[in-house]
Every structure is written in C-alpha cells, then in structure tokens.
Amino acid sequence: MTAMDLTGLDTRPSQVWGAVRLVPLVRPAPVEDLRLHPRILGDGPAVVNVGPRTDYFSYIPHAFVADWNGDGTPAAAYGTQLATAADAAPPASAGLRFHRRMARREEKHRLRFLPLHLALEGYLALHFGGPSVAWEEWSRRALRRGLSPRVEQAYTGAQVTGIADALRVFEIHPGQCGVLLYVADALAAVFVVPHPDDYRVLHPTLVQDLYGELVHHYALLMPPVPEFRARVADEGVDSLARLRAAAGEQERAWADFHDTTMAAGATEQDGTWRTVYRMGPFALARFLPEFRPKQENHIGEAITDRAGRTVYLKSFRLSESQVRRGHLLGRLAAHDWHLADTAAGLGIDEAALGLRLESAGLGFLLRQDVLDGYRKRAGPRRGVQ
C-alpha cells in the first residue's frame with residue numbers, strides 16, 4: 001500500500017511566500033460522518049505513557065478529537081476550543097503535562113488522539129528493544145536497554161522561516177480540506193481533514209506542528225521559489241466562455257504536473273501500515289516508509305473509511321540521517337542483528353557497517369573495543385560511505 005492516497009482530493013493552484021509553497025486540496029463533497037476539532041493543551045513539554053515502562057516526551061500543544069456516527073449520518077464538530085496568546089492563562093501547576101496513550105476513546109463515538117506524535121512515536125519505537133540475539137559484538141547497554149533513550153530532533157512551524165507568514169496570508173479555497181506544504185519545493189508535510197469547516201479551524205495548528213531538520217535548513221538557506229503562473233495565449237480567445245475554458249485547461253495542467261511530479265515522491269512510495277484504533281466505519285493507522293537512502297521518505301498517520309478513502313492525513317518528512325537510522329535498524333532486524341550477515345546483505349564488510357552505525361548515531365550499540373577494532377581495520381577509508 002502506498003504511504004499516502006489522495007484520491008478524491010483535487011489540487012488547486014499553489015500560493016507562494018518566499019521559499020514556502022502551499023498547495024490546496026479540495027473535496028468535491030465533504031465527509032459528513034466524521035469531524036475533527038482541536039483541543040488546546042497549552043505550551044510546554046508533555047509525557048505520554050505508550051506502554052509498560054515506556055514513555056514518550058515531546059512538545060504537544062494540542063490534541064485532535066474525532067467525532068463520528070456509525071450510521072453514516074452527519075456528525076457535528078463538538079467543543080472546539082480556540083485561544084489567543086492574550087487570552088491564554090499561564091498554567092497553575094508545573095509545565096510538564098501527562099497523557100495516557102496516543103489515542104484514547106472518550107465516549108462511544110469520540111476519540112482523542114495526539115496528531116503527528118502518533119506517527120513520530122511509531123518511528124521512535126522502530127526496533128526499540130535492540131538486538132534480538134545477544135551476539136558478542138553488542139554492548140551491555142544495547143542488550144539491557146535497547147535503544148532507550150531514543151531521541152530525534154524536530155522544529156515547530158514557528159521556528160521554520162516563512163511558514164507562519166505563509167499560513168497567515170494564505171487564501172483558503174471554498175471546499176478546501178487539506179494542503180501540501182513545500183519548502184524550497186521539497187514536500188515537507190501533507191495535511192488532510194474530512195470537512196472544510198474542520199480545515200478552517202485546524203489551519204492555524206500547522207504553525208505548531210513539528211518539521212524535520214531538512215525542512216528547517218531549506219527554509220533558512222534556500223532562495224524564494226518561483227510562482228507557476230497560468231499563461232493563456234491571445235489566439236482563439238474571443239469570448240468569456242473560451243477564456244474560462246483556457247483558464248480551466250491551465251489549472252488542470254498545473255494539477256497534473258503537481259500530482260505526477262512534485263508530489264510523486266510521497267504518493268508513490270510504498271509503506272508499512274499499522275492500525276492503531278478502529279472507530280466504527282473508520283480506522284486510525286500510522287505508516288512507515290521503506291527507508292530508501294537518498295530518497296524522499298515520509299512517516300505519518302491517517303484515518304480511512306471502509307472503502308479505503310483517506311479522511312484524515314498528517315505526514316512528517318524524515319531527514320537523511322533519520323532515514324539512514326531507520327534503514328540500518330531495519331537491515332539489522334532482518335538479519336537477526338548479526339553484523340556479518342547484515343554487512344553481506346548491504347554489500348560491504350563488517351567494519352564498514354560498524355562505522356556506518358557510528359556515523360548514524362548508533363555506535364553506542366557496539367562494544368567499545370569492537371568499535372575501536374572496526375576503526376583500526378577501516379584505516380584511511382573511515383568515513384567513506
């Protein structure tokens with residue numbers, strides 16, 4: 001299954017602010033029997049218990065609440081909370097907040113979940129237990145604690161140059177239910193909701209979302225991107241009807257270029273899906289990519305209906321270093337954490353694999369004397385990938 005299926009969503013002309021490009025997604029008919037609204041949790045760090053003796057720490061400013069009807073009748077977005085910085089009161093207690101689980105049912109037809117963190121926790125949990133076989137090369141820490149603590153870096157939208165301004169001046173289209181966010185024309189995130197009213201409420205939350213290292217660097221270093229302006233030739237346009245038809249043709253040409261070229265790296269990649277929660281006719285799932293080095297890789301979460309239509313989607317683009325870690329951990333797990341077998345599968349020697357682990361920030365998994373031996377064997381080749 002592909003990581004992102006945007007079937008049923010129409011692409012509209014992009015809007016540009018500096019290096020940020022926003023591409024609207026419009027539904028011909030909204031999804032009426034599932035609605036989303038935000039629940040403001042406040043600034044500051046939060047802790048989520050995700051399993052026995054396992055906690056997830058992150059900046060979690062809001063949750064999403066999904067309301068649905070099992071009989072297909074329209075559902076209402078319930079209890080939307082919005083607050084400005086001037087209205088927000090400081091918390092009376094310490095800033096650290098605690099939550100039970102990433103997705104938790106509150107009522108018969110209501111689910112509270114933590115958007116994007118559901119996907120990020122799935123990436124952090126990848127082979128979290130460490131070596132499945134106690135081969136002699138692995139460190140005592142790796143055998144006892146696995147990858148704990150597993151840490152990755154991300155930036156809020158407010159820290160990414162241009163995103164806050166682009167979202168502030170963005171013109172929301174009639175029927176808009178989603179957006180693809182590009183930085184320097186690299187796809188940074190996809191956000192899809194069931195209903196246009198949901199999108200209008202949730203559009204500002206993109207500033208509080210997390211974005212990867214690659215996105216942050218592109219926004220800081222890359223020049224403004226060009227606008228794709230429609231060009232209609234004068235010849236043959238002698239009425240408003242023909243002008244309207246020519247404009248429509250330009251719009252379709254842009255949508256085709258975007259869908260088959262700009263977004264293809266995400267929509268055509270294969271991924272591994274895991275259902276997290278079933279909500280009547282809907283299913284909440286998260287997905288991981290195949291971790292293809294030097295290619296576009298996205299993690300994310302989605303709600304789909306019985307027909308497989310995407311009702312909700314939120315994605316996060318991994319940096320190259322995060323892709324390398326996922327790729328190496330996947331290859332090790334596929335070979336029962338046997339270094340020589342994994343190296344052979346990658347077409348390199350064992351010392352080169354050890355140095356790749358060190359370069360990817362996973363050197364702590366190896367015993368120090370083993371890692372020193374790999375460095376000595378590699379000699380002047382050290383650091384060559």
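Some points to look at:
- For segment 163-185, taking the residues that are among the small types (Gly, Ala, Ser) and open to solvent by 20 Å² or more (accessible area, probe 1.4 Å), the one that is farthest from Ala125 (Cα to Cα) is identified as Gly175.
- Considered as a group, the residues in segment 277-294 that are in contact with a strand residue (DSSP E or B) (Cβ under 8 Å, 6 or more places away or on another chain) and of a type in the set (D, E, K, R) include one that is surrounded by the fewest Cβ atoms within 10 Å (Cβ to Cβ), and that residue is Arg278.
- Selection over segment 3-29 of residues that are under 19 Å from Leu284 (Cβ atoms) and open to solvent by less than 50 Å² (accessible area, probe 1.4 Å) gives a count of 5.
- Per-region count, segment 190-236, residues open to solvent by 30 Å² or more (accessible area, probe 1.4 Å) and either among the aromatic types (Phe, Trp, Tyr) or assigned to a loop (DSSP other than H, G, I, E, B) (or both): 16
- Scanning segment 1-39 for residues that are more than 18 Å from Lys314 (Cα to Cα) and touching a His at 6+ places or on another chain (Cβ under 8 Å) returns Arg12, Ser14, Glu32.
- Some residue of segment 268-276 being in a strand (DSSP E or B), basic (Lys, Arg), open to solvent by 60 Å² or more (accessible area, probe 1.4 Å) and touching a residue at least 60 places away in the same chain (Cβ under 8 Å): yes
- Restricted to segment 252-267, and to residues there that are surrounded by 15 or more Cβ atoms within 10 Å (Cβ to Cβ) and assigned to a helix (DSSP H, G or I), the residue that is farthest from the chain's Cα centre (by Cα) is Trp254.
- Residue under evaluation Leu187, criteria (1) in a strand (DSSP E or B); (2) in contact with a Pro (Cβ under 7 Å, 6 or more places away or on another chain); (3) among the aliphatic types (A, V, I, L, M), criterion not met: (2)
The values are calculated or read from the model by the stated rules, or taken from the named source; none is laboratory data. All values derive from a computational prediction rather than experimental measurement. Cβ coordinates were reconstructed from backbone atoms using ideal geometry, including for glycine residues, and neighbour counts include every protein chain displayed. Just the protein is used for accessible areas: all its heavy atoms, side chains included, with ligands, DNA and RNA removed. Shrake-Rupley method; radii C 1.70, N 1.55, O 1.52, S 1.80 Å.
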